[in-house]
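One structure below.
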Amino acid sequence: MDPVLVGRWQFGITTVYHFWMVPLTLGLGLLVAILQTVYNRTGNDVWLRATKFWGKLYLINFIMGVATGIVQEFQFGMAWSEYSRYVGDVFGAPLAMEALIAFFLESVFLGLWIFGWGRLNRKLHLGVLWAAVIGSWISAFFIIAANSWMQHPVGVEVIDGRPKLVDIWAVLGNNTAIAAYFHTLSGAVAVGAAFMLGIAWYHLWRRRKDGIDTVDDLGRVVVGEAPEIPGRDRTDHTVWLRSLRIGAWAAIFAFAAVALTGDIQAKLMYVQQPMKMASAEAACHTGNQFSVLTVGDLSSNNCKDVHPVIEIPGLLSFLAKGNFTEDVPGVQPLVPQYQEKYGQTYPDDEAAGIHAGQQINYQPLMIVTYWGFRLMIGFGVLSAAAAAYALWATRKGTVPRSAFLSKLALWGITAPFIANSAGWVFTEMGRQPFVVAPNPDASGIDGVYLYTAAASSPSVSAGEMLFSLITLTLLYGVLMVFELLLLIRFVRGGVASAMPELDHQNYKPTVSSDHDDVLSFAY
Amino acid sequence: MSDALPTIWFILIAVLWLGYLFLEGFDLGVGTLLKGFAKNEQERRLLINTIGPVWDGNEVWLLTAGGATFAAFPLWYASLFSALYLPLTLALVALILRAIAIEYRGKGHTDRWRAGWTWCMSAGSAVAAFCVGAMLALTTTGMPLNERGDNVGGPFAWVNAYAIIGGLGVLGFCILHGLLFLTLKTDGDVRHRAARIAGSWGPLLLLPLVAWAVIIVVRSGHWWGWALLLIAAGAAAYSWIAIRGGREKAAFLAESGFLVAGVAAIFSSVYPVVMPSTLDPQFSLTVGGASSSAYTLTVMLIVAIVFVPLVILYQSWSYRVFAQRLSVEHIPAAHAIPKAVRSAAHS
């Protein structure tokens, strides 16, 4: 058993899982902060309810991101000690900054927000939420700057075979990082937006199914209420309709930003990691045509087995270079270039473990890069199109009475999640066999690269890695069930699940009059 | 200046661990006490809510200590974390379960749900405290590191008496710290019971931590180690007398003084070694040998000088906002999702 392979599976599984929670935290957090801002400005109950409901779902998800985030920081040292030694002078700094500048802000102020309802004055209470959300957004910047350094190492000099930091601003201002940051955050907003849209759609549909809302002859909504169901009053309809439309607009804007930033990122990537992009296209030969469909056995990673079926001439050049004619290098001509520059075999060194001296395969797994790239774009387009449809479908104030569409809206929540995961899997797998990718472009620094095979912990056996892989995967799986269970329960309960005071029949004031109200909320 | 940078960072790392043990210490202690100490559901909820608004910010001290070790001493970070692969895996599982339990426990409404998360929180807190203690102890007593800094003792090289003493040391400290924290944060029966237990079991709870410090100081033999140890012992004794005399604040402060002096005794005695090799002293990781470049240390020092005080400032403010004592009467009725909504939504 190869410890490197087990370690990679572990890193992949824990990171993809962590990055299901994170974009929702980033995206939904922003939306909740906006909702509460509108509430503070208008004092309208609709916005208070929206803030409380979406805020509750935000917190259920937030904690999972926090809990699984600790693993992320620890496993560099635990499973990838050679990596940590190699990059330590550069990579640790953004991680430490992330904790010190961002995580504290996020955690301390979120605690103040959760327990601060009714204790902090309204302005201050809104302020602490913004501080927490800004904290999350700053944390995203630092971790992406760290990751981007692995994609495009800058700001260092090689001394004694290891990169030494000479310019922190180059690392933080890395063009790869700036592009990836805005790309990732747009993707995160898309996640939060689809989440809001899907759930709001479900509630509007539920109200119609329960006969609370009806439509008149012109298809316009006639809002009703059901006093026996907690929270199902007229205001409730507005909460969901507004949420849906905010979600839809946010999804459309997010998609526009994702496309724009993705294009910038791709153009950088064609220069910085040509092999990754060639492999994303399953482009064996140099050319200018974009593959719409390529069949054959991509998993064989052998160009002989790959057959492009539908191609659009010129489009690849446009994506890579901004014109329609310039050729983009394919995998086959690139391999000898890499071999010439970085060698045919892994260094015959203890640090390379069982791979020492073996032949290097410079070609990423084509099936993963090709389909990862297409899933990312496909699901992104899909959710933007769905959002546009949702805006049109709700122009008369409610959703169609179709159970199918309601199910689709809920399942549609997964689309931007899949797009996000696919994008990350693509960009991380596309960097292989390197963990720190060398850069052929002018801004690249000679000698700064590290093979994944030489990055794992020499002292950790494959058995230990397998133990932690299985343990964490099982734990994460079980926790996913609990998170979904709670989310579904709170979603079904509607706004009243986050505001028990809306349940007039069962609600009792919680604090007796002879005690100070020191806890407006309690776990 | 640049020669002093690794030493400054060694002190800063010690301060970060100190901050972690001081703040998260009572979170882990209170969490552990959920089993055994809390008598009923009301008391369990009271305990959770004493740390509810602040625990997450406290935990960031761990992430900062880890991140700062990576940034300032990458070779230390790499050797320590990879050598302790299994106990750290265990610590991660414990920390994850503890965190999720705090948020999810109150969101379900069956006894089974609550009892399950109570276990997760109590055991998670205790195991996390133990593992962190074992890790800190082993970085002071050493592991079988080869010339590359890699553990060659196998997956269980960490299982030794020092790890157990250090693990119990931090666990015992956390429990006492949690008890004293409860005397300050709660009122009524819980407050008095916490004071009574701290008054009778305090010395025993601190004993393993003292043993660890004594081992380190005896090994190094520096006079300042003994001096700090003496101060720590004095503070611990004073804390014990104070809690028996009903002076809760003094007891908490003195016990925190014990922590500061104890950690200072340990870290200053091992200096300049950050992680000894038990195979050959030549392979030991030192402050100078394991550190980052002067440039990186300078950059991080500037960041630390600006942001550590800022963090302390707003984190202190959050404690002031939630300064009131809580008692079981303050805990609102369980925040149930109204049944009618659910059944209506199901229909």
Query raised in the report: Kyte-Doolittle mean at least -1.0 and Cα extent at least 24 Å along the axis: which DSSP H helices of chain A qualify?
Result: A:3-42, A:45-79, A:122-151, A:175-209, A:234-272, A:366-393, A:462-493
Query raised in the report: Quick one: if the Förster radius is 35 Å, what FRET efficiency do A:V478 and A:D305 give, using the C-beta to C-beta distance and rounding to 0.05?
Result: 0.30
Query raised in the report: Amide H of A:Q363: which non-local residues (sequence gap of 5 or more, or other chain) have their own amide H closer than 5 Å, using H built in the peptide plane?
Result: none
Report summary line: Surrounding charge for A:Q151, neighbours by C-beta under 15 angstrom, Lys/Arg +1, Asp/Glu -1, total +1
Query raised in the report: In a Debye calculation with equal point scatterers on the alpha-carbon sites of segment A:332-415 and no solvent, what is log10 I(q)/I(0) at q = 0.21, 0.25 Å⁻¹?
Result: -1.02, -1.15
Query - Extent along principal axes [Cα atoms of the protein assembly as shown; Å; largest to smallest] - result: 81, 75, 44
Report task. Specify the inter-centroid distance of segment B:57-129 and segment A:327-406, based on alpha-carbon positions, in whole Å. Result -> 32
Report task. Measure nothing fancy, just the Cα-based angle from helix B:189-220's long axis to the longest principal axis of chain B, in degrees from 0 to 90, nearest 10. Result -> 10
Query raised in the report: Can you give the mean number of other chain Cβ atoms that lie within 10 Å of the Cβ atoms in peptide B:91-103?
Result: 6
Query raised in the report: So what J values fall out for segment B:82-94 if you push phi through Karplus, 6.51 cos²θ - 1.76 cosθ + 1.60 with θ = phi - 60°, rounded to Hz, Gly and Pro as x?
Result: 7, 5, 9, 4, 5, x, 6, 4, 4, 4, 5, 4, 5
Query raised in the report: For B:K249, which lysines qualify as cross-link partners when the Cα separation must be under 24 Å and same-chain residues fewer than eight apart are set aside?
Result: B:K185
Requested in this report: Using only alpha carbon pairs under 8 Å that are at least six residues apart, calculate the relative contact order of chain A and give it in whole percent.
Outcome: 22
Requested in this report: Would you mind pulling out the separation of the Cα centroids of segment A:59-132 and segment A:410-464, in Å?
Outcome: 22
Query raised in the report: Counting Lys and Arg as +1 and Asp and Glu as -1, what is the net charge of the other residues whose Cβ lies under 14 Å from the Cβ of A:V292?
Result: -1
Requested in this report: Quote the relative contact order of segment A:83-171 in percent (integer), defining contacts as alpha-carbon pairs under 8 Å separated by 6+ residues.
Outcome: 36
Report summary line: For B:E59, B:E43, A:E157, ascending order of other Cβ atoms within 10 Å (fewest first) is A:E157, B:E43, B:E59
Requested in this report: State, as an integer percentage, the relative contact order of chain B based on alpha-carbon contacts under 8 Å between residues 6 or more apart.
Outcome: 24
Report summary line: When A:H355, A:H152, A:H504 are ranked with the fewest other C-beta atoms within 10 Å first, the list becomes A:H504, A:H355, A:H152
**Report entry** Cβ-defined net charge surrounding A:Q432, 11 Å radius [Lys, Arg +1; Asp, Glu -1]
**Finding:** +2
Requested in this report: Quick one: grab Rg to one decimal and Dmax as a whole number for segment A:1-42, Cα atoms only, in Å.
Outcome: 18.2, 62
**Report entry** Sorted by Cβ density within 10 Å, fewest first, the residues A:V215, B:V30, B:V273, A:V478
**Finding:** A:V478, A:V215, B:V273, B:V30
Query raised in the report: Suppose every K and R has +1 on its Cβ and every D and E has -1 on its Cβ; what is the size of the dipole of segment B:5-346 about the Cα centre, in Debye to the nearest 20?
Result: 1000
Report summary line: Those chymotrypsin sites (Phe, Trp or Tyr not before Pro) from segment B:128-194 that are DSSP loop and have at most 11 other Cβ neighbours within 10 Å turn out to be B:F156
Query raised in the report: What does the convex hull of the alpha-carbon atoms of segment B:46-144 project to on average, in nm²?
Result: 7.0
Query raised in the report: Per residue of chain A, what 222 nm ellipticity follows from adding -39500 (n - 2.57) for every DSSP H run with n ≥ 4, rounded to the nearest 500?
Result: -21500 deg cm²/dmol
Report summary line: With bins of 20 Å, the percent of all Cα-Cα pairs of segment B:5-346 per bin from 0 is 30, 56, 14, 1
Query - Set of lysines near A:K123 by C-alpha distance (under 19 Å), chain-local residues within fewer than 8 positions excluded - result: A:K52
Requested in this report: Give the cross-link partners of A:K164 among the aspartates and glutamates, using a straight C-alpha distance below 12 Å as the criterion and excluding same-chain residues fewer than 8 apart.
Outcome: A:D89
Requested in this report: Extending each Cα 7 Å along its Cβ direction at A:E501 and A:N121, get the distance between those two points in nm, one decimal.
Outcome: 2.0
Requested in this report: Give the long-range amide H neighbours of B:L326: residues separated by 5 or more places, or on another chain, with amide H under 5 Å away, using H modelled in the peptide plane at 1.01 Å from N.
Outcome: B:T186, B:D187
Report summary line: Computed over chain B: longest principal axis from alpha-carbon atoms vs helix B:111-141 long axis, angle to nearest 10 degrees, is 10
Query - Solitary cysteines of the protein assembly as shown, where the nearest other Cys Cβ is not under 4.7 Å - result: B:C120, B:C131, B:C174
Report summary line: Output for segment A:222-287: trypsin sites (Lys or Arg not before Pro) sitting in coil per DSSP, at most 11 other Cβ within 10 Å, listed by number, reads none
Report summary line: The farthest towards the positive end of the charge dipole of chain B, of the residues B:I13, B:N40, B:S200, given +1 on Cβ of Lys and Arg and -1 on Cβ of Asp and Glu, is B:N40
Requested in this report: Just need log10 I(q)/I(0) for segment B:194-290 at q = 0.21, 0.25 Å⁻¹, Debye formula, equal scatterers on the alpha-carbon atoms, no solvent, rounded to two decimals.
Outcome: -0.95, -1.18
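The numbers here are math on the coordinates, done by the rules we state, and not lab data. What you see is a predicted model, and the numbers here were worked out from it, not measured in a lab. Here the Cβ is made from the backbone with ideal geometry for all residues, glycine too, and neighbour counts use every protein chain on show.
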